[in-house]
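Peer 1: Mind looking over this structure? Questions follow.
The values are calculated or read from the model by the stated rules, or taken from the named source; none is laboratory data. Here the structure is a predicted model, which means the values were calculated and not measured. Please note: Cβ atoms are built from the backbone with ideal geometry, for glycine as well, and neighbour counts cover all protein chains shown.
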There are 2 protein chains.
Amino acid sequence: MQNQIETFLERVEQCKSLVELNAVVAGLRDIFQVNHVVYHSVNSLGEPYALATYDQEWAEYYESEALYRVDPVVLGAFQRFHPYNWKSLDWEKKTARQFFQEAQDGGVGNQGVSVPVRGPHGEFALFSISHTCSDEAWARFLSVHMPDLLLIGHYIHASIRALEFPGEDGSYVVLSPRETDALRLLGAGLNRGRAAEQLKISEHTLRVYIESARSKLNASNTTHAVAKALAQGLINI
Amino acid sequence: MQNQIETFLERVEQCKSLVELNAVVAGLRDIFQVNHVVYHSVNSLGEPYALATYDQEWAEYYESEALYRVDPVVLGAFQRFHPYNWKSLDWEKKTARQFFQEAQDGGVGNQGVSVPVRGPHGEFALFSISHTCSDEAWARFLSVHMPDLLLIGHYIHASIRALEFPGEDGSYVVLSPRETDALRLLGAGLNRGRAAEQLKISEHTLRVYIESARSKLNASNTTHAVAKALAQGLINI
DNA sequence: GATAAACTCACCGGAAATGGTGAGGGTGAT
DNA sequence: ATCACCCTCACCATTTCCGGTGAGTTTATC
């Protein structure tokens, strides 16, 4: 089994097209003996990407109704780091219970596990496996395969990014130290006056940094510049 | 070897204190037969955390000189997803070459590999291994252990977060759908007028959402609110 | 040694965001 | 059914930000 997974990771890495990757990933169902395998990006802007073995009907319904807004699997992903069992989520709310029922009817298994994957440019994706079985059987599956799932999620994500954005290896925007300082302080909630004070420069000068950062980042205002810098990992708050 | 790593991951998960974790992680040197093992958070605000087997002298010098501002390993981390060989970084610049020399003198190996780890609340950390050997030997090491390193970095990060912030499992701030919409559009560069237009509501109403989001996030202005929401994974751009 | 980029400072007018206060209807939960 | 929270709309005065234009010094790279 461990050998199969290693081979799988290598095949994922070597995929030359998204179609090929799709087929390879679908093959996970045989390796793990589960019903469904899903990878999808969770960015609200930009082109969403999804790769799923679900029935098309369910996938279209999910998309058309924007169910990610109530799906506890997606909502929970934002706060989690390690792979998480769907059973550990909050299914108490009315909308969540209703969603679960609809998902069942749509062919999604009663068990599932998801791996949050976070990338350098603000990307956020989920790799999930779903199955139909008892709680005990599922717990046994997870206790064995959690680490594998983490690896698989990351490899799939890397492969998809590499295929979708071939030239993305290097850095995009490079901010100067002062520009970085400026955006970092603004992102931390200081206004221009305070930020300038903190950096021991005049507010006029600070403005120059903000503007040059804005132009480098192709941002329409300060908030946008800070958001882009954050999303691209140029600053951290 | 593979067995040793599995055992190591289990021990990391079960650590009851940071001191214990420190000792367990240092044990990686024996498992991999390398000189140094390092984990450190890279957040510019908040309490930095570091766990390293480097000489204390070098660690203190690095900290006091704020060398993370020129360290290509740190700078490169922001743009990368998969574990990366230090050799693949840009060492051409004058400051970088000088830093490399100083690091050598400080006892850091000539080879190294780092794993970027991104967490749910904007955390960003680096797990690194450094060693002294030939390029060929290092390439062989990496070709075998890249996946292991990815796993180890994530497990250490999870363990540290669990020990430092015991009650952090649940969610922090919950934004309403409209609040999320508002911050998302503002983070995408729209001004209040355009954002309101997009959401088909009056600008007055939009302002209410911004203000309530600001108060929930304890943010001092719109830019701060968007930055916090981004860092906490409440919105994506 | 030239060229580019970063860092520093300054003015002005118009545009946009903020803080405070108020109000009504809808929905979900205890 | 009451409480809390969400969605929607409005005014006013003040603070802050934006866009354009200009210019001198230092540092780094070719």
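Peer 1: Tell me, yes or no, whether region B:218-230 has at least one residue that is facing chain A (nearest Cβ under 10 Å), among the hydroxyl-bearing types (Ser, Thr, Tyr), closer than 30 Å to B:VAL12 by Cα and in contact with a helix residue (DSSP H, G or I) (Cβ under 9 Å, 6 or more places away or on another chain).
Peer 2: To start, the set of residues in region B:218-230 that are facing chain A (nearest Cβ under 10 Å) comprises B:218-230.
Imposing the further condition that a residue be among the hydroxyl-bearing types (Ser, Thr, Tyr) reduces the set to B:220, B:222-223.
From the residues that got through so far, the ones that are closer than 30 Å to B:VAL12 by Cα too are none.
Scanning region B:218-230 turns up no residue that is facing chain A (nearest Cβ under 10 Å), among the hydroxyl-bearing types (Ser, Thr, Tyr), closer than 30 Å to B:VAL12 by Cα and in contact with a helix residue (DSSP H, G or I) (Cβ under 9 Å, 6 or more places away or on another chain).
Peer 1: Within region A:197-213, is there a residue that is facing chain B (nearest Cβ under 9 Å), of a type outside the set (D, E, K, R) and either within 8 Å of DNA strand D (Cβ to nearest atom) or in contact (Cβ under 8 Å) with a residue 24 or more places away in the chain (or both)?
Peer 2: Taking region A:197-213 as the starting set, the residues that turn out to be facing chain B (nearest Cβ under 9 Å) are none.
No - not one qualifying residue is present in region A:197-213.
Peer 1: Another question, if that's okay. It is to be established whether one or more residues within region A:143-150 are part of a loop (DSSP other than H, G, I, E, B), in contact (Cβ under 8 Å) with a residue 60 or more places away in the chain and within 13 Å of chain B (Cβ to nearest Cβ).
Peer 2: Initially, region A:143-150 is screened for residues part of a loop (DSSP other than H, G, I, E, B), giving none.
Checked region A:143-150: no residue is part of a loop (DSSP other than H, G, I, E, B), in contact (Cβ under 8 Å) with a residue 60 or more places away in the chain and within 13 Å of chain B (Cβ to nearest Cβ).
Peer 1: Here's another thing I want to ask about it. Any idea which of B:VAL117, B:VAL144 is over 16 Å from B:GLY27 (Cα atoms) and crowded, with 21+ Cβ neighbours inside 10 Å? Give the steps one after another, and end with the answer.
Peer 2: Values: B:VAL144 fails: crowded, with 21+ Cβ neighbours inside 10 Å.
None of the other options fit; the residue is B:VAL117.
Peer 1: Could you go through region A:225-232 and let me know if any residue there is within 11 Å of DNA strand D (Cβ to nearest atom), under 23 Å from B:SER41 (Cβ atoms) and crowded, with 20+ Cβ neighbours inside 10 Å.
Peer 2: In the first step, residues of region A:225-232 are kept if they are within 11 Å of DNA strand D (Cβ to nearest atom); the result is A:225-226.
Filter once more, so that each one left must be under 23 Å from B:SER41 (Cβ atoms): A:226.
Next cut, crowded, with 20+ Cβ neighbours inside 10 Å only: A:226.
There is at least one residue in region A:225-232 that is within 11 Å of DNA strand D (Cβ to nearest atom), under 23 Å from B:SER41 (Cβ atoms) and crowded, with 20+ Cβ neighbours inside 10 Å.
Peer 1: May I ask you to list the residues in region B:47-62 that are surrounded by 13 or more Cβ atoms within 10 Å (Cβ to Cβ) and either over 27 Å from B:LEU150 (Cβ atoms) or over 13 Å from the mean Cα position of the chain (by Cα) (or both)?
Peer 2: B:LEU51, B:ALA52, B:THR53, B:TYR54, B:ASP55, B:TRP58, B:ALA59, B:TYR61, B:TYR62
Peer 1: Have a look at A:ALA125, A:ALA158 and point out the one that is closer than 30 Å to B:TYR155 by Cβ, at pLDDT 90 or above and assigned to a helix (DSSP H, G or I).
Peer 2: On the way: A:ALA125 fails: assigned to a helix (DSSP H, G or I).
One residue alone meets the criteria, A:ALA158.
Peer 1: For region B:195-237, how many residues are of a type in the set (D, E, K, R), within 12 Å of DNA strand C (Cβ to nearest atom) and over 25 Å from A:GLU123 (Cα atoms)? Walk me through it before giving the result.
Peer 2: Within region B:195-237, the first condition is being of a type in the set (D, E, K, R), and the residues that meet it are B:197, B:200, B:203, B:207, B:211, B:214, B:216, B:228.
Next, only the ones that are within 12 Å of DNA strand C (Cβ to nearest atom) stay: B:197, B:203, B:207, B:211, B:214.
Among the residues that remain, those that are also over 25 Å from A:GLU123 (Cα atoms) are: B:197, B:203, B:207, B:211.
Final tally of qualifying residues: 4.
Peer 1: Look through A:GLY189, A:GLY193, A:GLY153 and report the one residue that is at the interface with chain B (Cβ under 7 Å from one of its Cβ atoms) and not basic (Lys, Arg).
Peer 2: Numbers: A:GLY193 fails: at the interface with chain B (Cβ under 7 Å from one of its Cβ atoms); A:GLY153 fails: at the interface with chain B (Cβ under 7 Å from one of its Cβ atoms).
Exactly one of A:GLY189, A:GLY193, A:GLY153 is at the interface with chain B (Cβ under 7 Å from one of its Cβ atoms) and not basic (Lys, Arg), namely A:GLY189.
Peer 1: Right, A:ASP181: within 12 Å of another protein chain (Cβ to nearest Cβ), among the charged types (D, E, K, R) and within 12 Å of DNA strand C (Cβ to nearest atom) or not?
Peer 2: Working: within 12 Å of another protein chain (Cβ to nearest Cβ): yes; among the charged types (D, E, K, R): yes; within 12 Å of DNA strand C (Cβ to nearest atom): yes.
In short, yes.
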